[in-house]
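Colleague: If you scroll down you'll find the structure; I have some questions about it.
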Amino acid sequence: MLVAATLAVTGCQSIPRENDSRLLATLWFQSAEASACYLQAFAHARVALDEILSRPAPAQPLAIVTDIDETVLDNSGYQAWLIRTGQKYSTNTWKQWTSLASAPATPGASNFLNYAASRGVKIFYVTNRDLDETDTTLRNLRAAGFPFADTEHLFTKRGRDKSKEERRRNIARTNTIALLLGDNLADLAAAFDGATVEARAESVVTNAARFGSNWIVFPSPMYGDWESAKSSLTPASNAVERLKGPSALPAR
Ligand SMILES: [Mg+2]
């Protein structure tokens with residue numbers, strides 16, 4: 001008993017504290033609530049797409065531009081592996097994960113994108129996965145049942161440029177982008193590229209009418225620009241200093 005208890009405690013302590021928040025985020029992402037949020041978002045995407053399809057057809061073909069990770073593919077298994085092994089994200093282990101090509105589709109993603117394809121809408125996957133992940137990514141997309149999983153419709157990151165704006169513009173030259181799908185606001189517009197916490201919040205308000213009509217956002221608590229964005233108000237702040245809310249409560 002003592003040995004078992006000691007091992008259990010040691011086991012707990014072997015998980016670094018910095019991973020505690022990852023643990024909760026990953027548990028949540030694998031929860032029924034998260035599944036429901038994805039189903040809801042894709043159900044709404046269908047309503048929004050049907051509305052667009054009911055209007056006179058534009059001169060250029062309609063297209064959907066979607067992010068991949070934590071939008072249509074669920075990589076929480078990689079996060080789980082990081083937590084279990086006490087490791088931090090690295091490009092090397094990430095590519096070990098993507099080489100498996102076994103990330104499941106997020107709930108509702110395959111149904112929705114196949115529905116869009118059946119209505120004559122093209123799908124473009126715009127991802128910040130690297131060019132050398134092309135083959136495994138396409139293999140994973142096909143295994144998860146997604147349409148348009150070919151090199152013509154996959155736009156990986158080129159060089160070090162994380163912005164997706166140039167790729168969106170390329171697609172928009174010959175297509176009318178009906179919907180943009182993503183878990184990270186930079187999946188939607190250049191206004192969010194490298195923006196501060198305050199600028200991101202302001203751009204959301206400025207673009208309020210787009211959410212739910214042309215922009216569909218998915219909940220991703222495991223990582224994202226929301227985590228690394230700098231605050232212009234408290235430049236050297238840590239995450240706790242960025243929290244909104246009172247520092248004291250009245251006595252009662
Ligand atoms: Mg993503």
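The values are calculated or read from the model by the stated rules, or taken from the named source; none is laboratory data. Predicted, not measured: the structure shown is a model, and the values here were computed from it. Glycine gets a Cβ as well: all are built from the backbone with ideal geometry, and neighbour counts include every protein chain shown. To get the accessible areas, we keep the full protein, side chains included, count just its heavy atoms, and leave off ligands, DNA and RNA. Shrake-Rupley method; radii C 1.70, N 1.55, O 1.52, S 1.80 Å.
Colleague: Within the group Ala59, Ala80, Ala45, Ala63, which residue is exposed (fewer than 14 other Cβ atoms within 10 Å of the Cβ) and more than 14 Å from the ligand (Cβ to nearest atom)?
Modeller: On inspection, the qualifying residue turns out to be Ala59.
Colleague: Just give me the residues in the range 113-129 being within 18 Å of the chain's Cα centre (by Cα) and open to solvent by 10 Å² or more (accessible area, probe 1.4 Å), in sequence order.
Modeller: Phe124, Asn128
Colleague: Does the range 202-252 hold any residues that are without any contact (Cβ under 8 Å) to a residue 24 or more places away in the chain, surrounded by fewer than 13 Cβ atoms within 10 Å (Cβ to Cβ) and among the small types (Gly, Ala, Ser), and which are they?
Modeller: Ala208, Ala209, Ser228, Ala236, Ala239, Gly245, Ser247, Ala248, Ala251
Colleague: Among the residues of the range 160-201, which ones are among the basic types (Lys, Arg) and in contact (Cβ under 8 Å) with a residue 12 or more places away in the chain?
Modeller: Once the filter is applied, which keeps residues that are among the basic types (Lys, Arg) and in contact (Cβ under 8 Å) with a residue 12 or more places away in the chain, the range 160-201 yields Lys162, Lys164, Arg167, Arg168, Arg200.
Colleague: Looking at (1) within 15 Å of the ligand (Cβ to nearest atom); (2) touching a Leu at 6+ places or on another chain (Cβ under 9 Å), which one does Gly120 not meet, given that it meets all the others?
Modeller: Here Gly120 meets the rest and fails (1).
Colleague: Count, please, the residues in the range 185-201 that happen to be surrounded by 21 or more Cβ atoms within 10 Å (Cβ to Cβ) and not aromatic (Phe, Trp, Tyr).
Modeller: 4
Colleague: Another one. Please state which of the following conditions Leu100 fails to meet, knowing it meets all the rest: (1) loosely packed, with under 15 Cβ neighbours inside 10 Å; (2) of a type outside the set (D, E, K, R); (3) within 16 Å of the ligand (Cβ to nearest atom).
Modeller: The one condition Leu100 does not meet is (3).
Colleague: Still on this model: Taking the criterion of being farther than 20 Å from His44 by Cβ, at pLDDT 95 or above, outside any strand (DSSP E or B) and in contact with a Leu (Cβ under 7 Å, 6 or more places away or on another chain), would at least one residue in the range 94-103 satisfy it?
Modeller: yes
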